[in-house]
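Student: Pasting in a structure now, in structure tokens, and then I'll have a few things to ask.
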Amino acid sequence: MKQLLIVGGGTAGTMMANKLAPVLDDSEWHITLIDEHETHYYQPGFLFIPWGIYNKNDVIKPKRDFYPSGIDVIISPIEIIEPDENRVKLADGRVISYDLMIVATGSRINPGETEGMLGDKWHKNIFDFYTIEGATNLRNFIKYWEGGKLVVNVVEMPIKCPVAPLEFAFLADWYFTEQGIRDKVEIEYVTPLPGAFTKPIAAKFLGEFLTKKNIKLTSDFSAGRVDAENNKLYSWDEEAIDYDLLVTIPTNMGAEVIGRSGMGDDLNFIPTDHHTLQSKKWENVFVLGDATDLPSSKAGSVAHFEADVLFENIQRYIDGRPLKPAFDGHANCYIESGFGKGILIDFNYDVEPLPGKFPLPGVGPFSLLQETRMNHWGKMTFRWVYWNLLLKGAELPIEAQMTMAGKKRV
Amino acid sequence: MAEATLAGVTVERDDEGFFKNPDDWKEEMAPELAKEIGIDPLTEEHWKVIRFMREDYKVKGQVPSIRRMKNEGGISTKDLYNLFPKGPAKKAAYIAGLGKPHGCI
């Protein structure tokens, strides 16, 4: 009996287990999944918690509810992965050998990378919203805040869900308007990028949104340290930005076990073939989702499109066929823009976000790079889609590869 | 895309002045490249960064990140920003004749 090991039972690992379990020959292959946590978080929902739109219970379910039957699930931290030996050592000393491994260990924030961030003021007037603790503590702060200067800062790229900080700023504008204190809240968006977003057309479009919503954009700012005592954020060049409330998107890094196991780059992301998703170093190791070092977005939609490609490549690998270089960097992101509206972007490695209709060319119902109410409903409906279809590995009516149909070159 | 003559040799560079082919680069070209982006003179500290980048590029095939220069090259980020103000990764890669470091989405 051969062993297929999936390391990580988050969005990517769960989808993969659900896709592979029904198709692998169970007289030849056995699937084992390892994860250290019992709880699955709907991470896109964290964005809505600080505004009281969602609460904790809206984003939590047990991971076990989503694993397929017939696979072994081990809940345990991993001591080390030894890909040269084809084995994984668990924290309790157990050793799991594999013939084929899929690594889906994700990405997480590491506020400790920035001097002065983790201190007395952490989760007092400096918050993240990429963890359940950060999002709920921030909710408690915002609920009673009477105004002042809000700074939303991206410390460095890459980050998980690169549009989330923008959405946070848009929702702040909406929320404080609804609360009747928008005139008492100054909002500044501080980013290391040269504009609101990476790609020129979307950067211009989203930059105009910031202006329209009276949010100040400070670009090319590489955050070096926080002076929490004096409420100042400093760049490496010693420029200072004052804040009363700092919402940070700290440095994002891959899992520590990847670093310990010598499998990652300097941010613990795993060097991965951009198109086949095979590890660049070990041919029986594949990498999925945020754990890769691909120059694509780190997002659930990307993991979903990757999973379609990997599903095929795992079967090809098992059958001794050449891998298909089919992943194109496809990402699809709803951007909540406040006041019940949203923007949608769809892009890949080579094609930047363009205007148009999605998924049906000319029809929609969603509009690309435009603000509509329908896009907002797409975002809100996605939570249902995520729990009921996406995690379970069901087919969605969107191709893994990006299509130009319905898009307009501008 | 443009050709330029540096230290008596013709090299191909992209629109922003980054080298198309890092193998075209020679140490003699560095002071001239540095001057183009306002860094003059090149000190031994600058050279430590440039040499690390060249070496690392040879081994890894990509321009090292600021974090990698700290972890592997022992060059503190603070120093990097002092030596190459406003965007050390880009500026140092420019002088070292490497391609533009790709940003992430």
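The values are calculated or read from the model by the stated rules, or taken from the named source; none is laboratory data. For clarity, every value in this text was computed on a predicted model and none was experimentally measured. Note: ideal-geometry Cβ built from the backbone for every residue, glycine included; neighbour counts use all protein chains shown. What goes into the accessible areas is simple: the full protein's heavy atoms, side chains included, and nothing from ligands, DNA or RNA. Shrake-Rupley method; radii C 1.70, N 1.55, O 1.52, S 1.80 Å.
Student: Only counting protein heavy atoms at a 1.4 Å probe, give the residues of segment A:286-306, ordered by number, whose accessible area falls by 30 Å² or more when the other protein chains are present relative to the chain alone.
Tutor: Residues meeting the cut-off: A:295.
Student: Can you grab the distance from the C-alpha centre of segment B:1-60 to the C-alpha centre of segment A:88-154, Å, no decimals?
Tutor: 39 Å
Student: When Cβ neighbours within 10 Å are restricted to other protein chains, what is their mean count per residue of peptide B:75-87?
Tutor: That works out to 3 on average.
Student: Go through A:174-182, A:141-149 and give me the packing order, highest mean Cβ count within 10 Å leading.
Tutor: A:174-182, A:141-149
Student: Using a 1.4 Å probe and counting only protein heavy atoms, how much accessible surface gets buried when B and A come together, both sides summed, in Å² to the nearest 100? List each step's numbers first, then the result.
Tutor: Numbers: alone 6390 and 17250 Å², together 22180 Å².
So the total buried area for this chain pair works out to about 1500 Å².
Student: What is the magnitude of the charge dipole of segment A:174-278 about its Cα centre, with +1 placed on the Cβ of each Lys and Arg, -1 on the Cβ of each Asp and Glu, and no other charges, expressed in debye to the nearest 20?
Tutor: Using Cβ point charges on Lys, Arg, Asp and Glu, segment A:174-278 gives about 460 debye.
Student: Provide, in order from the shortest bin, the percent of all Cα-Cα pairs of segment A:331-390 in each 10 Å bin, continuing until the bin that contains the maximum pair distance.
Tutor: Per 10 Å bin, starting at 0, the Cα pair percentages come out as 25, 50, 24, 0.
Student: Can you tell me which of A:98-107, A:61-70 comes out highest on packing, and rank the rest after it, using the mean Cβ neighbours within 10 Å? Write down the numbers at each step before the final one.
Tutor: Working: A:98-107: 24.2, A:61-70: 14.2.
Peptide ranking by packing, descending: A:98-107, A:61-70.
Student: Considering only protein heavy atoms and a probe of 1.4 Å, how much of the accessible area of segment B:2-95 is carbon and sulfur, as a whole percent? Display every interim value, and only then the final one.
Tutor: Numbers: 2320 of 5060 Å².
Of all accessible area on segment B:2-95, carbon and sulfur atoms account for 46 percent.
Student: Mind giving me the FRET efficiency for residue A:401 and residue B:100? R0 is 30 Å, r the Cβ-Cβ distance, nearest 0.05 is fine. Don't skip to the answer; put the middle values down first.
Tutor: Values: r = 27 Å, r/R0 = 0.90.
FRET efficiency, residue A:401 to residue B:100: 0.65.
Student: Note down the net charge around residue A:192, summing +1 for each Lys or Arg and -1 for each Asp or Glu among other residues with Cβ under 10 Å from its Cβ.
Tutor: Details: positive: none; negative: A:156, A:220.
Local charge sum for residue A:192: -2.
Student: May I ask you to give the solvent-accessible area per residue for the protein assembly as shown, in square angstrom, as obtained with a 1.4 angstrom probe?
Tutor: Ligands and nucleic acids excluded, the result is 43 Å² per residue.
Student: What order, most packed first, do the peptides A:276-288, A:325-337, A:230-242 have when packing is the mean number of other Cβ atoms within 10 Å of each residue?
Tutor: The peptides rank, most packed first, as A:325-337, A:276-288, A:230-242.
Student: How large is the helix-only mean residue ellipticity at 222 nm for chain A, computed as the sum of -39500 (n - 2.57) over DSSP H runs with n ≥ 4, divided by its residue count, in deg cm²/dmol to the nearest 500?
Tutor: Details: 7 runs with 88 residues, N = 410.
Roughly -6500 deg cm²/dmol at 222 nm, from the helical runs in chain A.
Student: In degrees between 0 and 90, to the nearest 10, how far off the longest principal axis of chain B does helix B:44-60 point, with axes built from Cα atoms?
Tutor: Once rounded, the angle reads 80 degrees.
Student: For segment A:190-262, just the Cα set please: Rg and Dmax, both in angstrom.
Tutor: 15.4, 48
Student: In whole percent, and with a 1.4 Å probe on the protein chains, what portion of the accessible area of segment A:118-166 is carbon and sulfur? Before the final figure, lay out the partial values.
Tutor: Values: 900 of 1790 Å².
Looking at segment A:118-166 in its full context, I get 50 percent from C and S.
Student: Dividing the convex hull volume of the Cα atoms of the protein assembly as shown by its residue count, what figure in Å³ per residue is obtained?
Tutor: 158 Å³
Student: Would you mind telling me the antiparallel percentage of the DSSP bridges in chain A, rounded to 5?
Tutor: Expressed as a percentage, antiparallel bridges in chain A total about 50.
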